[in-house]
1. Taking amide H atoms as placed 1.01 Å from N in the peptide plane, list the residues 5 or more away in sequence, or in a different chain, whose amide H sits under 5 Å from that of I45.
2. Just round it to a whole percent: the fraction of Cα-Cα distances in segment 3-159 exceeding 24 Å.
3. Give the range of the longest stretch in the chain that excludes all trypsin sites (Lys or Arg not before Pro) found in loop regions by DSSP and having at most 13 other beta-carbon atoms within 10 Å.
4. For A109, what is the net charge nearby, where nearby means another residue's Cβ is under 11 Å from its Cβ and Lys, Arg count +1, Asp, Glu -1?
5. Would you calculate, for the chain, the mean residue ellipticity at 222 nm contributed by helices, counting each DSSP H stretch of 4 or more residues as -39,500 (n - 2.57) and dividing by all residues, to the nearest 500?
6. What list of ³J(HN,Hα) couplings, whole Hz, do you get for segment 63-73 from phi and the Karplus terms 6.51, -1.76, 1.60, once you set θ to phi - 60° and write x for glycine and proline?
7. How large is ³J(HN,Hα) for each residue in segment 47-62, as worked out from phi by the Karplus curve 6.51 cos²θ - 1.76 cosθ + 1.60 (θ = phi - 60°), to whole Hz, x for Gly and Pro?
Amino acid sequence: MAIEIITTGGTIDKVYFDAKSSFEIGEPQIGEVLQDANLTVEYRITPLLRKDSLDLTDDDRKLIKEAVINSSTAQIVITHGTDTMVETAKYLQGIAGKTIVLTGAMQPARFRFTDAIYNIASATTAVQLLPEGAWIAMNGRCFDPQKTRKNVAMNRFENL
């Protein structure tokens with residue numbers, strides 16, 4: 001069974017034009033990351049949005065949810081901006097028959113030093129092992145969105 005990877009934008013896909021002040025959300029980077037990793041799991045990538053998560057609306061979350069519900073696979077990874085990842089994960093809870101893992105990055109995947117590669121690898125593994133539901137894979141851990149938050153000062157996710 002293939003893993004569907006839905007991309008929504010966020011820092012993981014950002015392209016900066018100066019010292020981290022002017023940016024746009026570029027093409028999804030996850031395909032290159034997975035190809036470089038020589039992944040042997042079957043997957044398909046569905047580009048859905050190219051937005052910073054602070055710009056996501058309720059309509060965007062509905063679109064993400066519809067994409068998950070309509071997916072022909074039970075295992076779904078969503079790349080997402082970290083600022084509102086918890087909110088979206090909570091919105092996706094309760095979808096029967098689906099294991100959904102959201103992940104992202106604090107540094108763009110295009111950067112030499114990035115957490116994107118590790119977070120993508122963690123999410124790809126987690127979606128195969130976790131029970132159905134919506135989860136977050138960041139910083140080497142899997143989180144229940146009802147019991148986690150982004151700690152902006154420490155630049156990481158943590159349990160409440």
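1. Counting only residues 5 or more places away or on other chains, the set is I5.
2. Taking all Cα-Cα pairs of segment 3-159, the fraction more than 24 Å apart is 24 percent.
3. Counting only loop sites that pass the neighbour cut-off, the longest clear stretch is 21-111.
4. On the way: positive: K14, R110, R112; negative: D13, E27, E32, D36, D115.
Result for the neighbourhood of A109: -2.
5. On the way: 4 runs with 41 residues, N = 160.
One gets -7500 deg cm²/dmol as the mean residue ellipticity at 222 nm.
6. Here the 3J(HN,Hα) series is 4, 4, 4, 4, 4, 5, 4, 7, 5, 7, 10 Hz.
7. Those phi angles translate into x, 10, 9, 9, 10, 5, 5, 5, 9, 5, 10, 4, 5, 5, 5, 4 Hz.
The numbers here are math on the coordinates, done by the rules we state, and not lab data. Treat the numbers as computed from the prediction; the structure is a model and nothing was measured. As a convention, Cβ positions derive from the backbone with ideal geometry for all residues, glycine included, and neighbour counts pool all protein chains shown.
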